[in-house]
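What follows is a set of notes on a single structure, which appears directly below.
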Amino acid sequence: MKAKQAILAGLVYRLKRGCSSPYTRNSRRYCFAVPADDFQPETVIGDCWITDQDGNPDPGLSCSPVPVCRDSIGCVAGRVAHE
């Protein structure tokens, strides 16, 4: 059985090509996801904030995270800066 990628809250992940969120109006800028909570190994769809590369949420989606399929999440692109 193939090991699943760890997907952790606080990290910015690039969405895989062709998997941009259907909820965003600017899929060129907001093509990253920050999980609201760590994905468990059995998580297939988890809640994520749709963000830009720096972890800034899409203004139209900043009220709540949206469902994102584990298979849509690609490589880590960075870490959310905490102030």
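The values are calculated or read from the model by the stated rules, or taken from the named source; none is laboratory data. Nothing here was measured: the structure is a model prediction, and the numbers come from that model. Only protein heavy atoms, including side chains, enter the accessible area calculation; ligands, DNA and RNA are left aside. Shrake-Rupley method; radii C 1.70, N 1.55, O 1.52, S 1.80 Å.
The rows are residues; the columns are (1) at pLDDT below 95; (2) open to solvent by 70 Å² or more (accessible area, probe 1.4 Å).
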residue: 5; (1), (2): yes, yes
residue: 28; (1), (2): yes, yes
residue: 31; (1), (2): yes, no
residue: 34; (1), (2): no, no
residue: 39; (1), (2): no, no
residue: 46; (1), (2): no, no
residue: 52; (1), (2): yes, no
residue: 62; (1), (2): yes, no
- Only residues that are assigned to a strand (DSSP E or B) and under 13 Å from residue 14 (Cα atoms): list them for segment 44-68, please. 48, 49, 50, 51, 68
- Note on the structure: Checked segment 1-19 for anything part of a loop (DSSP other than H, G, I, E, B) and not hydrophobic (A, V, I, L, M, F, W, C); matches are 2, 4, 5, 10, 16, 17, 18
